[in-house]
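The values are calculated or read from the model by the stated rules, or taken from the named source; none is laboratory data. This is a predicted model, so every value here is computed, not measured. Cβ placement follows ideal geometry from the backbone for every residue including glycine, while neighbour counts extend to all protein chains displayed. In case anyone asks, the SASA skips ligands and DNA or RNA and just uses the protein heavy atoms, side chains included. Shrake-Rupley method; radii C 1.70, N 1.55, O 1.52, S 1.80 Å.
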Amino acid sequence: MSAPRNTFLPRFAIAALVGAALVALADANLNPYLLSIIQFIGLNIILAVSLNVTNGFIGLFSLGHPAFMTVGGYVAAILVIPPERKAALLPDLPAFLAAQEWSFLPALIAGGSVAALVALIVGFPVLRLRGHYLAVATLGLIFIVQSFAVNLRGVTRGALGLSGLPELTNLWWVYLFCLVTIYVCWQLKHSSLGRTMLAIRENELAASCLGVKVARMRILSFVLGAFLAGIAGGLWVHLVTLISPSSFSFILAFEIVVMVVLGGTGSITGAVLVAVVLSVLTQLLRPVEEAANLFGASQMIVAFVVLVVLITRPKGLFGTAEPDLVGWLLRPFRKSKAA
Amino acid sequence: MNGAYLLSQVANGLILGSMYALIAIGFSMIYGIVRLINFAHGDIFTIGAFATLASIAVIQAPFPVVLAIVLVVGAAVGLLIERAAFRPMRGAPQVTGFIASLAVSIIIENLAVLTVSAQPRTFAVPAYLNRLIPLGGLNVRMIDIAIVLLAIILMIALVLFVRFTKIGVAMRATAENYDVARLMGININRMIGIAFAIGSALAAVAGLMWGTKYGQISPLMGVLPGLKAFVAAVIGGVGSITGAVLGGYVLGMAEVLFVGLLPPEYSGYRNAFVFGALILVLLVMPNGILGRSTEQRA
Amino acid sequence: MLRLEDVHVRRGGTHALRGVSLEIEEGEIVALIGANGAGKTTTLATISGLLRPQSGRILFAPGRGEPERDLTKMRAEDIVAAGISHCPEGRQVFANLSVTENLRIGAYLRNDKAAIEKDVADIQAQFPILRSRAQLPGDRLSGGEQMMLVIGRALMSKPRLLLLDEPSLGLAPQLVEQIFDILAEIRRQGVTVLLVEQNASMALELGDRAYVLEAGSLVLHGSGRELAGNPDIQRAYLGGA
């Protein structure tokens, strides 16, 4: 069952308000540790849903999200750090950058924009590749970005990374961008643009015969995914107050891709659900693995679960469908109303 | 820059290229027959290195025996992975297999960290392998010569096997068309298993070489060489064994010369160079140097 | 020798075979004719084990007095070993194999090396072009030569029953005639043939008996001559008025 478009806005509004209430409640009552966990879950939602635009809607198999997060994270961090601290941390920073001191939101958006710009530049050559080749080329992008982060010491402080970043990210920011991401992606999927993308995924040749500018759509979805990933990168580094060249590795790419694939490529609801379940699962397993001194066991278990799901449900849990969660949750209320 | 320096760089390129080529062959064989990029391939390289360490340290086996053990361990692990993870999802979209191989890779790496810890380990190499041998104005370690020779012997053996034996011909037939191969009476799963076994055994031997040459191994050592060998396979033309060999040597040589000949401040961009080269090659020659534009099989 | 009993096959959402029953006696050439999409190729692929039927039995005995086995429970490679060779539609030579390797791979399940080489030589004697082009990659042959190669390859497994799918497809008329001469020769050598053909007039002329398949069901059956004289068949398949 998928929710038709005309019921989306009211449902989205209800869900957003309920979510906001929960966020307020959580913000007031939970300890910082739990709050940070919830924020990571939110970040995973942003990452999974945005990667779904590239991998799910249009069928480009990209692993490049960590590269865009690194770009977005560095840009946001450098813009936000106060000039006096920059003088100590990055003495060789070009003067025009050293003088900047931006507030959080514009810095995040700048990070997203630079990531999108990188995607645009890289996209023109790379998006001509297909399937596996694209996957490996985008994976290579992670290593290329990493190389630059390590070696452009004047701007990034090399392998040491930038530490002691201001703790600007909070649950509200994460929640806001979750909503924005889900809203934008949902509207996109159900717009003519989104249907064009799905058409390209299903049959590229047929789509291009119908006059669809396939290359342009590819770049568009890649750039949009990169923009959101860049923002997520900015949020992430101001949550952990640290960024280094190895902050976002290809393991992360795997985790995000798994969320998309297990949720069902193209299903936003599926991506959100799996992002939540997987993050919670990882968080629950972490104390267990620490207690048992079995570091890495949680990753193994997740990978194992992935294998089992792939073997038993190769199309992911939901395919491209959007199960009507809000309607499902509201059902008891409706029944009581009818009675 | 003098001639001897250049020569030693070329020698180093040849050695690195030999190892890349051995790993790349497996990528190429497996891709050729099941259209799967096996991300766990780099981990089999790691397993080969640890099998070497174990057979030297634990049972003090002489080196030829170590080599045999490593070949067998590599082949066995390859068969196991194919049986447990990839065979059940035969026929699923390519991306599914790719993600499954990433999952397998993560399982192996974490298992390795859990069992042998992430600490790098050194291992003692028999003294005769470290002996210096004068060769064309250079002093070359025995191990370096052994690596290149062994790699070349294995590659020739493989090419002969694929070209002239019945199984080899059947593997080529299978790579081309499953259904018609089955109509010849060929057991497809057996051919795929053989491709996994051979490719994995070669990757494991590359792990042995890496460990003996650099003297240090760790559970995550296979990630980068694995990825780079994939790049080598793509450069050569995925699916072609000779292409993989060629790509391995081209990439090994290019990487060593990039680091050795450019000013030192560029050497940090080594990995960026390799993956940049990949993207460039794919754009100029989408099928690699020797790959032919094959049919698209889902 | 071969008996299909109420075989049903589903392919992707379509019900491709709806209860097909047919029988082939040893030494016969049986033709299976019908329009595109009637299920002819599906029938052959089901017999040779490439497709699994939803229900029904396919019983095969390689010779008189030998025990019957149900092919629906066997793997494709075991069906080859049992004595059935399927020469698929569209020629399908192995492009990565030389002409001779293509022939040898047909004998994949045999282990008598000397006899295999003798059979290769025999087939090359029958089709001299396969000797003069022995080392070329299979796909470098012309269409007619490729057809000879795949028929030769199918015979290399020493089958008792040959399933032949559209041998005349895309070939010039004199080549078609040559192919049908070859079929007659194959029968003389004691191989039973199940022939699927678009070229119905040829098939009915050559076939001892024929079945007509329409939308997954057999609608007519008779001797080749009978069917060739049937006005419905003439109208539908032979281009007659």
If you count, for every residue in B:185-192, the Cβ atoms of partner chains within 10 Å of its Cβ, what is the mean? 4
Dipole magnitude of the protein assembly as shown, debye to nearest 20 (Cβ charges: Lys/Arg +1, Asp/Glu -1, about Cα centre): 820
Sulfur and carbon atoms: percent of accessible area, segment B:8-221 [1.4 Å]: 69
Under 5 Å between amide H atoms, partner at least 5 residues away or on a different chain: which partners does C:GLU214 have, H built in plane at 1.01 Å? C:VAL219
At a 1.4 Å probe, which residues in segment B:263-284 are at least 40 Å² less accessible with all protein chains present than in their chain isolated? B:TYR269, B:ALA272, B:PHE275, B:ILE279, B:LEU282, B:LEU283
From most to least accessible, 1.4 Å probe, no ligand or DNA/RNA atoms counted, B:TYR214, A:TYR183, C:TYR108, B:TYR178 line up as B:TYR214, A:TYR183, B:TYR178, C:TYR108
Give me the Kirkwood hydrodynamic radius of segment B:55-201 in Å, from all C-alpha pairs, to one decimal place? 18.6
Would you compute, from DSSP H runs of 4+ residues alone, the mean residue ellipticity of the protein assembly as shown at 222 nm, taking -39500 (n - 2.57) per run and dividing by the full residue count, rounded to the nearest 500? -20500 deg cm²/dmol
Nonlocal amide H pairs with C:ARG209, under 5 Å, H built at 1.01 Å: C:ILE29, C:ALA31, C:GLY224
Counted charge near A:ALA137, where neighbours are those whose Cβ lies closer than 15 Å (Asp, Glu -1; Lys, Arg +1): +4
How many times 2.2 N^0.38 Å is the alpha carbon radius of gyration of chain C? 0.99
Quarter of the surface of the C-alpha convex hull for segment B:1-140, i.e. direction-averaged projected area in nm², equals 11.2
Hey, how many Å between the Cα centroid of segment B:6-37 and the Cα centroid of segment C:190-230? 55
Which whole-number percent gives the relative contact order of chain A, counting Cα pairs below 8 Å spaced six or more residues apart? 31
Show the residues, 5+ positions off or on another chain, whose built amide H is closer than 5 Å to the amide H of C:ARG69. C:PHE60, C:ALA61
Averaging sequence separations of C-alpha pairs under 8 Å and six or more residues apart, then dividing by the length of chain C, give the relative contact order as a whole percent. 27
Dipole moment magnitude, nearest 20 debye, chain B about Cα centre, only Lys, Arg, Asp, Glu C-beta charged: 520
I'd like the orientation of helix C:113-126 relative to chain C: the angle between its Cα long axis and the longest Cα principal axis, in ° from 0 to 90, rounded to 10. 70
Kindly compute the accessible surface that chains C and B hide from a 1.4 Å probe when together, both sides summed, and give it to the nearest 100 Å². 2000
Given contacts defined as C-alpha pairs under 8 Å and at least six residues apart, what's the relative contact order of chain B, whole-number percent? 37
Assuming a strict under-19 Å limit between Cα atoms, what lysine pair count do you get for the protein assembly as shown once near-sequence pairs (fewer than 8 apart, same chain) are dropped? 8
Output ³J(HN,Hα) for segment C:209-222: one whole-Hz value per residue in order, computed from phi by the Karplus curve 6.51 cos²θ - 1.76 cosθ + 1.60 with θ = phi - 60°, and x for Gly and Pro. 9, 8, 10, 10, 10, 9, 6, x, 10, 7, 10, 9, 7, x
Buried on assembly, segment B:112-156 (at least 40 Å² less accessible surface than by itself, 1.4 Å probe): B:LEU114
Quick one: which of B:34-40, A:68-74 comes out on top by average Cβ neighbours within 10 Å, and what's the full order, highest first? A:68-74, B:34-40
Segment A:97-143, Kirkwood Rh and Cα Rg, ratio Rg/Rh at 1.17
Probe of 1.4 angstrom, ligands and nucleic acids ignored: what's the accessible area per residue over the protein assembly as shown, in square angstrom? 42
Enter the per residue convex hull volume of chain B, computed from alpha-carbon coordinates, in Å³ rounded to the nearest integer. 136
The farthest towards the positive end of the charge dipole of the protein assembly as shown, of the residues A:PHE104, C:TYR211, C:ALA45, given +1 on Cβ of Lys and Arg and -1 on Cβ of Asp and Glu, is A:PHE104
Solvent-accessible area of A:SER113, probe 1.4 Å, all protein chains present, reported in Å² to the nearest ten, please. 50
Averaged across A:138-149, how many Cβ atoms of other chains sit within 10 Å of each residue's Cβ atom? 5
Relative to the longest principal axis of the C-alpha atoms of chain B, give the angle of the C-alpha long axis of helix B:41-57, reported between 0 and 90° and rounded to the nearest 10°. 50
May I have the pair-distance distribution P(r) for the protein assembly as shown, computed from all Cα-Cα distances with 20 Å bins from 0 and rounded to whole percent? 13, 38, 33, 14, 2, 0
In Hz, Karplus ³J(HN,Hα) per residue of segment B:85-100 (6.51, -1.76, 1.60; θ = phi - 60°; x = Gly, Pro): 9, 8, 4, x, 10, 4, x, 6, x, 3, 4, 4, x, 4, 5, 4
Name the residues of segment C:45-85 whose accessible area falls by at least 50 Å² when all protein chains are present instead of the chain alone, probe 1.4 Å? C:LEU50, C:GLU77
If you fit an axis through the alpha-carbon atoms of helix B:188-214 and take the longest principal axis of the Cα set of chain B, what angle between them do you get, 0 to 90°, nearest 10? 10
With a 1.4 angstrom probe the carbon and sulfur portion of accessible area for segment A:107-218, in percent, totals 69
Got a sec to turn the phi values of segment A:64-78 into Karplus ³J(HN,Hα) couplings, 6.51 cos²θ - 1.76 cosθ + 1.60 with θ = phi - 60°, whole Hz, x for Gly and Pro? x, 3, x, 5, 6, 5, 4, 4, x, x, 5, 4, 4, 4, 5
Accessible surface of A:GLU202 - all protein chains present, 1.4 Å probe, nearest 10 Å²: 130
How many Å² of accessible surface get buried when A and B come together, counting both sides, probe radius 1.4 Å, rounded to the nearest 100? 3500
Pop out the Kirkwood hydrodynamic radius of chain A from its pairwise C-alpha distances, inverse of mean 1/r, in Å to one decimal. 20.8
Set the Förster radius R0 to 35 Å, insert the Cβ-Cβ distance between A:THR241 and B:LEU111 as r into 1/(1 + (r/R0)^6), and round the FRET efficiency to 0.05. 0.60
